[in-house]
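Since the structure comes first, as structure tokens, the remarks are kept for the end.
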Amino acid sequence: MGLITWIIVIIVFLAILGLGWDTFFSGVRKGADKIGISSIVENATNNTIGLIKNTSQEIIGDSLGK
């Protein structure tokens, strides 16, 4: 990946950490509604939220020894 791509990835990651993933993706959905691409972004954010929930549950389960 190029330098600009890494910078964008780091900024998005820090925004998610700062805002919380639910607030971040909620804001992305609202922005998509304003510009008219809500169905595409909604599908992507729903998939991402599901992936984050599953990953966090696996991490928590692994740390508890399950």
Original post:
Roughly how many nanometres apart are two label points built 7 Å out from the Cα toward the Cβ at N43 and L3?
Top reply: 3.7
Subject >> Linear extension gain, L17 paired with E58, 0.36 nm per residue minus alpha-carbon span >> reply: 12.9 nm
Original post:
Tell me, what is a quarter of the convex hull surface for the C-alpha atoms of segment 3-63, in nm² with one decimal?
Top reply: 5.1
**OP:** Neighbouring Cβ atoms within 10 Å as the yardstick, rank V28, V9 fewest first.
**Re:** V9, V28
Original post:
In what order do E42, E58 fall by count of nearby beta-carbon atoms within 10 Å, going from fewest to most?
Top reply: E58, E42
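None of the figures in this text is laboratory data; all of them are computed from the coordinates on show. All values reported here derive from a predicted model rather than from experimental measurement. Cβ coordinates were reconstructed from backbone atoms using ideal geometry, including for glycine residues, and neighbour counts include every protein chain displayed.
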